[in-house]
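See structure below.
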Amino acid sequence: MQQKTIVSPIKSAGLLSDQVYAYLKELFETEQFSPGQKLPSETKLAESLNVSRISLREALQRLELEGYIERKRGVGTFVIDRHPSHAEAGIEKLISISEVLHSRGHEPGTREIEIFSEPASEELARALRMEAGDPLTVVNRIRTSDGKPLIWDSSRFPSAYLPPTTPIDQIGGSLFAFVEANLGLSISHAVSRLLPAQASAEFAQKMDIPEGTLMIKLVQVHYLRDDTPVWQSTLHFPESDFSWYIVRTR
C-alpha cells in the first residue's frame, strides 16, 4: 500500500527556510505526522517541498531546538511527542534537563535546594583533578516535571569555581545556564556513566516513590573545551519516568 503524501511544494514568497519552518511546524502541531514517526530523508523531503537541502536543514535545526523533532545520527529524524508521560532523551547530546522537559511540553522546576561544603574524596579528586581533601561545594536539589519530583540531582564543584556561600536563589534551574551566566564558563562536553540503583527509604520519601524502586544513575563530569573539568553531577531518576537512549552505528 502506497504511503499518503503529507508534504507539498512551498510556493509563497519570503525566506525559504522560514517558510519551511512554519509549514512543517504546522504539520507537527496538527499531528499530520504522528509522534514517533520517522520523517523522509532530507533529500526526499527537500524534493517534496521543492526547496534546497540548505533551507530545509536550517528549518529542521530550528524545529529540533524547539522540541518538535529529534535527529538521531545514523538513524533518521523523528517527530517528538510533546506531551508524553515518560520523558526520554538521547544521551549523545549534552543538553540540560530543563531543555529536555521544555521540548516535550513539560514545565521544569526545582525544589529543596541545599548548598554546603565537603572535602573531596580520592575518587572525586581524580575526576576533578584536585587533591583529596580539597574543598568541594555540593549542590543538592530535586528537579521536577509539572510539579512532580522527577530527578535527584547532586552536583559537586571545586569551591574555587563555586563558593559554598553562593545564594540558593542564584542557582535556578539549569546548571548549564548558571555556569555560563554566573561563572563565565562554556561547557564543551561531558563524560558519562549509566549505572543501576535502587531508591533507599530516605530517597524514596524525597522523590515520593516506593522504597526499592528501580532507578537509573547518571554520573557525568563536565569539561571545558581544553578538557578542564568543571563539575561532576550525579542524577537519580526512576526508570519508569525518564530514560536515555543511545544511538549506536558502525
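The values are calculated or read from the model by the stated rules, or taken from the named source; none is laboratory data. These numbers were taken from a predicted model, which means no experiment stands behind them. Cβ placement follows ideal geometry from the backbone for every residue including glycine, while neighbour counts extend to all protein chains displayed.
For the residues F33, F78, the requirement of being modelled with pLDDT of 80 or more, under 26 Å from the mean Cα position of the chain (by Cα), farther than 21 Å from E107 by Cα and part of a loop (DSSP other than H, G, I, E, B) singles out F33.
In the stretch 36-75, the residue that is nearest to I95 (Cα to Cα) out of those that are assigned to a helix (DSSP H, G or I) and touching a Lys or Arg at 6+ places or on another chain (Cβ under 8 Å) is E64. Residues that are under 18 Å from I95 (Cβ atoms) and assigned to a strand (DSSP E or B) within the stretch 142-185 comprise R143, T144, S145, L150, I151, D153, S155, listed in sequence order. Residue pairs whose Cβ atoms lie under 8 Å apart, separated by 6 or more positions or on different chains, with the first residue in the stretch 180-207 and under 18 Å from W231 (Cβ atoms) and the second charged (D, E, K, R) and in a helix (DSSP H, G or I), are S186/E180; I187/E180.
The set of residues in the stretch 114-159 being surrounded by 16 or more Cβ atoms within 10 Å (Cβ to Cβ) and of a type in the set (G, A, S) consists of A120, A125, A127, S145, S155, S159.
For G109, the conditions (1) surrounded by fewer than 17 Cβ atoms within 10 Å (Cβ to Cβ); (2) at pLDDT below 90; (3) under 22 Å from the mean Cα position of the chain (by Cα) all hold with the exception of (1).
Might you let me know whether the stretch 116-138 holds any residue that is at pLDDT below 90 and of a type outside the set (S, T, Y)? Don't jump to the end; show me each part of the working.
Residues of the stretch 116-138 that are at pLDDT below 90, as a first pass: none.
The answer is no, given that none of the residues of the stretch 116-138 is at pLDDT below 90 and of a type outside the set (S, T, Y).
Among residues of the stretch 23-48 that are over 13 Å from I69 (Cα atoms), those with a Cβ under 9 angstrom from a residue that is of a type in the set (D, E) and part of a helix (DSSP H, G or I), sequence gap 6+ or separate chain, pair up as Q32/E26.
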